[in-house]
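For reference, the structure is listed below as structure tokens.
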Amino acid sequence: MTSRFKLDRIDFQILDHLQRMGRCSNVELAEMVGLSPSPCLSRVKRLQEVGVIEGFGAHVALARLGDYLIVFSEVTIDAHRRQYLRRFEEAAAAVPEIMECYNVSGGYDFLIRIVARSVSHFQTVMDGLLEADLGIRKFQSYVVLRVPFVKHELPLDRLFGTGRPGHIDEDAPEE
């Protein structure tokens, strides 16, 4: 996936810091990236306007709230026409327990991550999808036994570091 605009190293520093410390003040962020507060805030707003920053939120520790279950399900759709794939995507997006949905290549069409309070709750979610007549040919599910780690911060420097031409504007004016 390519971007339609150029980001310079300061933009990436802002993104990197906000991933780790999303609740920091604009003054703190400006100090971390070497800008004064006003240009820093302008950059953050621009990153939001172009959709690079999608939002801010809290990481909730589900285990501290009670028992829960994570299930990954591979879903195969009968017809591989765009309208049928979109219909499944829209239905999946409307199910609160489905946290992620990926259209993938290979032996199935979608990989979804579901969070439920129990196996029976998970089965109710899947029954709802099946009853919605979405053209699901089959699904195969995997219950997560434990979660050794989850990373929330993307490795921006490794994905879009200064060694990749066209992604970072080295000549962008420093503010």
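The values are calculated or read from the model by the stated rules, or taken from the named source; none is laboratory data. Given the structure is predicted, the values throughout are model-derived calculations rather than measurements. Backbone-built Cβ (ideal geometry, glycine too); neighbour counts: all protein chains shown. Areas reflect the complete protein model, heavy atoms only, side chains present, ligands, DNA and RNA absent. Shrake-Rupley method; radii C 1.70, N 1.55, O 1.52, S 1.80 Å.
From largest to smallest, what semi-axes in whole angstrom does the range 53-166 give when each is the square root of 5 times an eigenvalue of its alpha carbon gyration tensor?
27, 22, 13
Please work out the FRET efficiency for the pair CYS24 and ALA61, using the Cβ-Cβ distance as r and a Förster radius of 25 Å; give the result to the nearest 0.05.
Efficiency, rounded to the nearest 0.05: 0.75.
Ignoring ligands, DNA and RNA, please state the percent of accessible area on the chain from carbon and sulfur, probe 1.4 Å.
Looking at the chain in its full context, I get 52 percent from C and S.
Among VAL44, VAL147, VAL115, which one shows the biggest mean-square fluctuation in a GNM of the chain, springs joining Cα atoms closer than 10 Å?
Greatest mean-square fluctuation among the candidates belongs to VAL147.
Which loop GluC sites (Glu not before Pro) in the range 1-86, with loop taken from DSSP, have no more than 14 other Cβ atoms within 10 angstrom of their Cβ?
GLU54
If I ignore ligands, DNA and RNA and count only protein heavy atoms, how much of ASP16 is accessible to a 1.4 Å probe, in Å² to the nearest 10?
Using a 1.4 Å probe on the heavy atoms, I get roughly 60 Å².
In the range 1-106, which trypsin sites (Lys or Arg not before Pro) are in a loop and have at most 11 other Cβ atoms within 10 Å, using DSSP for the loop call?
Hits after loop and neighbour filter: ARG4, ARG23, ARG81.
Using a 1.4 angstrom probe on the protein heavy atoms only, could you order TYR68, TYR102 from most to least accessible area? Before the final figure, lay out each step's value.
Details: TYR68 85, TYR102 110 Å².
So the residues, ranked largest to smallest area, are TYR102, TYR68.
Which FRET efficiency value, to the nearest 0.05, is calculated for SER141 and ALA93 with the Förster distance at 22 angstrom and r the Cβ-Cβ distance?
Rounded to the nearest 0.05, the efficiency is 0.70.
Using a Cα-Cα cut-off of under 23 Å, which lysines could be cross-linked to LYS45, ignoring same-chain neighbours fewer than 8 residues away?
Partners found: LYS6.
Quick check: pseudo-label points 7 Å beyond the Cα along Cα→Cβ at PHE72 and LYS151, how many nm apart are they?
Using points 7 Å along Cα→Cβ, the separation is 1.5 nm.
Give me the accessible area per residue for the chain, probe 1.4 Å, as a whole number in Å².
Ligands and nucleic acids excluded, the result is 70 Å² per residue.
Shape verdict for the range 10-83, please, from the Cα gyration tensor: rounded (a/c under 1.5), prolate (a/b greater than b/c) or oblate.
It is oblate, given that a/c is not under 1.5 and a/b is not larger than b/c.
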